[in-house]
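Remarks on the structure that follows.
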Amino acid sequence: MKKIMLTICLMLCGMLVVVSGCTEAQSRTIEEGGASILGGLATGERFEDSLIKGAIQGGKGWMQGSREDQRNVQTQAEIDALRYQQNTEAFVIRNSNGSTSTIILRKDSAGYIGPRGERYLTRPTEEQLRPVYGF
């Protein structure tokens, strides 16, 4: 009977990980909950007690995993923002009426790319940008 229960627990934990579309941290917590159930059964605990402990362990881990995943999303957003800053440059040009326009150009290995897709092999000057973006 124990072997059947162990097999069922393993299958359920595996199916939860695959079917639920969990993140890595959440999958790990489901596995930890399953391991808690299996550990309890292996040491002779009643099946119901092992299930309760496993559910509690899995629930704790699920919440922890969600927080970890949120931190990862924030970290990725910060990395993306830094990459954007490193790969762009703002140019200010003075217009004929005295106002200014700011143009953001993207840097790449071949030079600079303007907002309209035009390419500059070297860092463009204000004189090069004014006919395109000034007034």
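The values are calculated or read from the model by the stated rules, or taken from the named source; none is laboratory data. Note that the structure is a prediction, hence the values are computed from the model and not measured. Every residue, glycine among them, receives a Cβ derived from its backbone with ideal geometry; neighbour counts consider all protein chains shown.
A compact table of results
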quantity	calculated
Residue satisfying all of: in region 99-116; within 29 Å of the chain's Cα centre (by Cα) and at pLDDT 90 or above; surrounded by the most Cβ atoms within 10 Å (Cβ to Cβ) among these	LEU105
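For (1) closer than 30 Å to PRO124 by Cβ; (2) modelled with pLDDT under 70; (3) not in a strand (DSSP E or B), each residue gets a yes or a no:
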site: LEU38; (1), (2), (3): no, yes, yes
site: GLU45; (1), (2), (3): no, no, yes
site: GLU68; (1), (2), (3): no, no, yes
site: VAL92; (1), (2), (3): yes, no, no
site: ASN97; (1), (2), (3): yes, no, yes
